[in-house]
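To keep things clear, I will list the structure first and then write my remarks on it.
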Amino acid sequence: MFKKILIANRGEIALRVLRACRELGVKTVAVHSEVDARALHVRFADEAVCIGPASSAKSYLNIPAIIAAAEITGADAIHPGYGFLSENAEFARLCGKCGVRFIGPSPDAMRAWGDKVTARKNAARFGIPLLAGSGVLEDITHARAEAARIGLPVILKASGGGGGRGMRIVRRDDELEGSFASAKHEAETGFKNPDVFMEKYVEEPRHIEFQVFADEHGGVWTLGERECSLQRRHQKVIEEAPSPGISTEKRQEMAEVIRKAIKESGYTSLATLEFIMDPKGDLSFLEVNTRVQVEHTVTEMVTGLDLVALQIRAAAGEKIDLPDTRPWSFRGHAIECRINAEDAVSFAPWPGLITEYFPPGGTGVRVDSGVYGGWRVPADYDSLLAKLIAHAPTRAEAILRMRRALDEFIVGGIRTNIDLHKRLLVEPDMVEGTMTTRTIEKMLARG
Ligand code: MV4
């Protein structure tokens, strides 16, 4: 096992990783920006190093400062959390070169699955179902030919994009040229990779993702799926496990295909495979996330596993001895609400001083947070304050438990989206489990 892990992140995920390290008996190093000097992750770590000013580019994305901090403190591994440097294959490679273990997949695996065109090729090779689509589009002539073959509507995506950035929906032939030019421009200026490709566009889909874990000894486990359709502008708002849209048979079938693909590709560590579900119920592969995800907690609650501890143990080369159940059998149902510092009407981030903070508790309630009463939420990072997770034997009980927990949650001094969550938990699509990626937009349009 590692002796000392540097956590290259902040907020609730830095605390989440710190807790796993403590339970594994591993010493911890926090890194922080100037504005985060009094943050909880700094207080909970054994050591802390200031790596730069507030701006992410100069602190949590500052590769030389982070690697220097690992060298100075004698850390033998770096956990990247999510966001920031977590999917940066070059950072992972540099860690290795400096003799520090990057806790995640190999840099080659990060590249192979991180690039969407390559990921589609890999998925196809291993029999994972995917949408009709193209390879890299060379020019507008090529794009026209592919659109004719696939059939409108199509969607143009940046191969190196993510989180919905760089996407263009094309419904009519006369839109293709302009959309291709702007998608191409956005890919060239916004991402390191200028490649653009095309897929059949699915209207009003659900977003469902499968969690996988693999050790370095050929052990691969598919740990079920999460329903992530409740999102606004590509930001997830509520996630749950299992998905109310997936049958036991479908889960079993997908788990086996995914397990084989991950095993045969030699991938190790945590991975999330994102799928889109069309109105008929067919699942198609979209992309892979090669890091721990914000919503990993709901999978933890229904599997009883500590995914971050597993990720660390696998990176240390340990042979993991989980039972070979396919798929993993779930214990009840878990729902996560992302509690953000934001305005209820404009959704603008709402940083500032938290004057009062009382998180809910009680049976089946988990809160992963990095804030406290007296903490000033900086304007420099994302607006996630806390993840509120309700776990219960059935989905209906998990909803009741979440409503109860939301009623208890007190955050004073700043605005939050707690009321939005209360509304969502009585929304028919949520109560019935029939949500799509447009549910929130439609609810807000009703006023
Ligand atoms: C799509 C799609 C429909 N058809 N691809 C958005 C983020 C990125 N991960 C992929 N996304 C989508 N890709 C095809 N071929 C619709 C979306 C999409 C979406 C996907 C997941 C979760 C929320 C979404 C909201 C709008 C659009």
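Of the set (1) over 24 Å from the mean Cα position of the chain (by Cα); (2) surrounded by fewer than 20 Cβ atoms within 10 Å (Cβ to Cβ); (3) assigned to a helix (DSSP H, G or I); (4) of a type in the set (A, V, I, L, M, F, W, C), all apply to Met1 but (3). Among the residues of the range 264-290, those that are more than 9 Å from the ligand (Cβ to nearest atom), closer than 18 Å to Ala132 by Cα and outside any strand (DSSP E or B) comprise Pro279, Lys280, Gly281, Asp282.
What number of residues in the range 51-90 are crowded, with 20+ Cβ neighbours inside 10 Å and of a type in the set (D, E, K, R)? Residues meeting the conditions: 1. On the stretch given as the range 196-220, residues that are in contact with an Asp or Glu (Cβ under 9 Å, 6 or more places away or on another chain) and either surrounded by 21 or more Cβ atoms within 10 Å (Cβ to Cβ) or closer than 15 Å to Ala271 by Cβ (or both) total 12.
Against the list (1) buried (at least 23 other Cβ atoms within 10 Å of the Cβ); (2) away from the ligand (no atom under 16 Å from the Cβ), the condition Glu318 fails is (1). Within the range 5-47, the set of residues being aliphatic (A, V, I, L, M), assigned to a helix (DSSP H, G or I) and within 19 Å of Asp380 (Cβ to Cβ) comprises Ile13, Ala14, Leu15, Val35, Leu40, Val42.
Looking only at the range 218-225, decide whether some residue is in a loop (DSSP other than H, G, I, E, B), more than 13 Å from the ligand (Cβ to nearest atom), among the polar types (S, T, N, Q) and in contact (Cβ under 8 Å) with a residue 60 or more places away in the chain. No, the range 218-225 contains no residue that is in a loop (DSSP other than H, G, I, E, B), more than 13 Å from the ligand (Cβ to nearest atom), among the polar types (S, T, N, Q) and in contact (Cβ under 8 Å) with a residue 60 or more places away in the chain.
Listed here are the residues, each with its yes/no results for (1) at pLDDT 95 or above; (2) more than 15 Å from Phe285 (Cα to Cα); (3) not hydrophobic (A, V, I, L, M, F, W, C).
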residue	(1), (2), (3)
Tyr201	yes, no, yes
Gln211	yes, no, yes
Arg232	yes, yes, yes
Leu270	yes, yes, no
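Out of the residues in the range 157-171 that are part of a loop (DSSP other than H, G, I, E, B) and within 10 Å of the ligand (Cβ to nearest atom), state the one that is surrounded by the most Cβ atoms within 10 Å (Cβ to Cβ). Among them, the one singled out is Gly166. Here Val154 meets each of (1) farther than 30 Å from Thr297 by Cα; (2) away from the ligand (no atom under 14 Å from the Cβ); (3) surrounded by 22 or more Cβ atoms within 10 Å (Cβ to Cβ) with one exception, condition (2).
Number of residues in the range 32-91 that are β-branched (Val, Ile, Thr), over 22 Å from Lys192 (Cα atoms) and under 22 Å from the mean Cα position of the chain (by Cα) equals 1.
Each row is one residue, and each column tells you yes or no for (1) touching a Lys or Arg at 6+ places or on another chain (Cβ under 6 Å); (2) modelled with pLDDT of 95 or more; (3) not in a strand (DSSP E or B).
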site	(1), (2), (3)
Ala65	no, yes, yes
Ala70	no, yes, yes
Ile78	no, yes, no
Tyr82	yes, yes, yes
Gly99	no, yes, yes
Ala119	no, yes, yes
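The values are calculated or read from the model by the stated rules, or taken from the named source; none is laboratory data. As the structure is a computational prediction, the values presented were derived from the model and not from experiment. We place every Cβ from the backbone using ideal geometry, glycine too, and count neighbours over all the protein chains shown.
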